[in-house]
1. Which residue out of GLY71, GLY49 is small (Gly, Ala, Ser), open to solvent by less than 70 Å² (accessible area, probe 1.4 Å) and either in a helix (DSSP H, G or I) or at pLDDT 90 or above (or both)?
2. Just the residues that are assigned to a helix (DSSP H, G or I) and either modelled with pLDDT of 90 or more or touching a Pro at 6+ places or on another chain (Cβ under 9 Å) (or both), please, taken from the stretch 9-22.
3. I need every pair where a residue in the stretch 33-49 that is farther than 20 Å from TRP21 by Cα has its Cβ under 7 Å from the Cβ of a residue that is open to solvent by less than 90 Å² (accessible area, probe 1.4 Å) and of a type in the set (D, E, K, R), sequence separation at least 6 or different chains.
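The values are calculated or read from the model by the stated rules, or taken from the named source; none is laboratory data. Please read all numbers here as calculations on a predicted model, not as lab measurements. Here the Cβ is made from the backbone with ideal geometry for all residues, glycine too, and neighbour counts use every protein chain on show. With ligands, DNA and RNA removed, areas are computed over all heavy atoms of the protein, side chains included. Shrake-Rupley method; radii C 1.70, N 1.55, O 1.52, S 1.80 Å.
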Amino acid sequence: MSAPQDSSNVEPKEVSSFERWRQRAAWVTGLGLSPEDQKKREEFNLLKGMESDWKRCEKWKTELLHNKTYGGYCGA
């Protein structure tokens, strides 16, 4: 998942390298973003966190389903 681009109507070719860098730095740090972009950033980070939690949960579930030891006593 990547960060959304600036919502302005400026063509990417017209934006200088420094401005692209500044926009990316603002997205990463949250500094210098408009209130609208701050809201988008918060939603993006929330979804990214939920996706990470889902993947971790699925990994743990798979490990538990494939793990044959159900405790300290094996019955042997």
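1. On inspection, the qualifying residue turns out to be GLY49.
2. SER17, PHE18, GLU19, ARG20, TRP21, ARG22
3. none
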